[in-house]
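Peer 1: Sending over a structure as structure tokens; questions will come in a sec.
The values are calculated or read from the model by the stated rules, or taken from the named source; none is laboratory data. What you are looking at is a predicted structure, and each value in this text was computed from that prediction instead of being measured. As a convention, Cβ positions derive from the backbone with ideal geometry for all residues, glycine included, and neighbour counts pool all protein chains shown. In case anyone asks, the SASA skips ligands and DNA or RNA and just uses the protein heavy atoms, side chains included. Shrake-Rupley method; radii C 1.70, N 1.55, O 1.52, S 1.80 Å.
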Amino acid sequence: MVTRRVMIGLMAGAFALTAGSASAQEIIVDGPPLPLRRNLDAFQKAFNSGDAAQYEAMAKTAFSEGYFKSQTTDERKKAYTKWHAAFGSIKFEQVERRGPDAPLQVFFKGTVASGVMWMELGEASKIASIKVEGEKK
């Protein structure tokens with residue numbers, strides 16, 4: 001026979017399980033989707049190569065078509081050379097996004113300096129723009 005105390009206990013348990021799963025759905029702790037992960041890995045590898053030609057090859061596949069066409073090869077090389085001199089080799093430490101339309105915040109630690117990259121995403125999780133901020137000194 002089910003008593004009132006047992007029913008209340010079961011209802012409280014069910015409520016706790018429901019509340020726990022609902023709050024877990026609000027914060028996504030998984031890593032980025034696979035296409036984005038590939039683009040970020042390719043970016044980091046090319047960046048750390050120290051070779052502008054490798055960075056350019058990565059840009060052809062990991063950048064959105066519009067972003068790639070918005071810069072010349074020389075402009076990309078100049079930006080890459082400047083960033084690599086300022087930060088050295090980098091390691092992504094944390095990637096955040098504050099909503100589906102918000103840019104990625106890619107926190108990185110560099111051998112020279114650390115900072116954050118703000119990346120807008122385009123179709124197929126390709127990089128549509130990059131803004132880099134170094135640490136404040």
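Peer 1: May I ask you to give the solvent-accessible area per residue for the stretch 30-74, in square angstrom, as obtained with a 1.4 angstrom probe?
Peer 2: Values: 2530 Å² over 45 residues.
Per residue, the stretch 30-74 has 56 Å² of solvent-accessible surface.
Peer 1: As an exercise, use a Förster radius of 22 Å and the Cβ-Cβ distance of A53 and K82 to find the FRET efficiency, rounded to the nearest 0.05. Working shown, then result.
Peer 2: Details: r = 16 Å, r/R0 = 0.75.
For A53 and K82, the calculated efficiency is 0.85.
Peer 1: If you don't mind, another one. Which percent of the accessible area of the stretch 84-124 is formed by carbon and sulfur heavy atoms (probe 1.4 angstrom)?
Peer 2: On the stretch 84-124, the fraction of accessible area on carbon and sulfur atoms equals 53 percent.
Peer 1: Could you tell me the accessible area of L34 in Å² (1.4 Å probe, neighbours in place), rounded to the nearest ten?
Peer 2: 100
Peer 1: By how many nm would the segment from E96 to S70 lengthen if fully extended, with 0.36 nm per residue of separation less the alpha-carbon distance? Don't skip to the end; give the middle numbers.
Peer 2: Details: separation 26, 0.36 × 26 = 9.36 nm, distance 2.56 nm.
Full-extension gain reported as 6.8 nm.
Peer 1: Sort out for me the Cα centre separation of the stretch 48-80 from the stretch 117-134, rounded to whole Å.
Peer 2: Using only Cα atoms, the two centres lie 13 Å from each other.
Peer 1: Could you list, in their original order, any pairs among K82/K126; K69/K109; K45/K82; K45/K109 whose Cα atoms are separated by more than 20 Å? Please list the in-between numbers first.
Peer 2: Working: K82/K126 22 Å; K69/K109 29 Å; K45/K82 17 Å; K45/K109 14 Å.
Where the Cα-Cα span goes over 20 Å, the pairs concerned are K82/K126; K69/K109.
Peer 1: Another question about this same structure. Could you tell me what percent of the DSSP beta bridges with both partners in the stretch 58-137 are antiparallel, to the nearest 5? Present the calculation step by step, with values, prior to reporting the outcome.
Peer 2: Values: 19 of 20 bridges.
If we restrict to bridges inside the stretch 58-137, about 95 percent are antiparallel.
Peer 1: Would you work out if the stretch 53-109 is rounded, prolate or oblate? Take a ≥ b ≥ c from the square roots of the eigenvalues of the alpha-carbon gyration tensor; rounded if a/c is under 1.5, else prolate when a/b is larger than b/c, oblate otherwise. Don't jump to the answer; show the numbers that get you there.
Peer 2: Values: a/c = 2.30, a/b = 1.22, b/c = 1.89.
Since a/c reaches 1.5 but b/c is at least a/b, the shape of the stretch 53-109 is classed as oblate.
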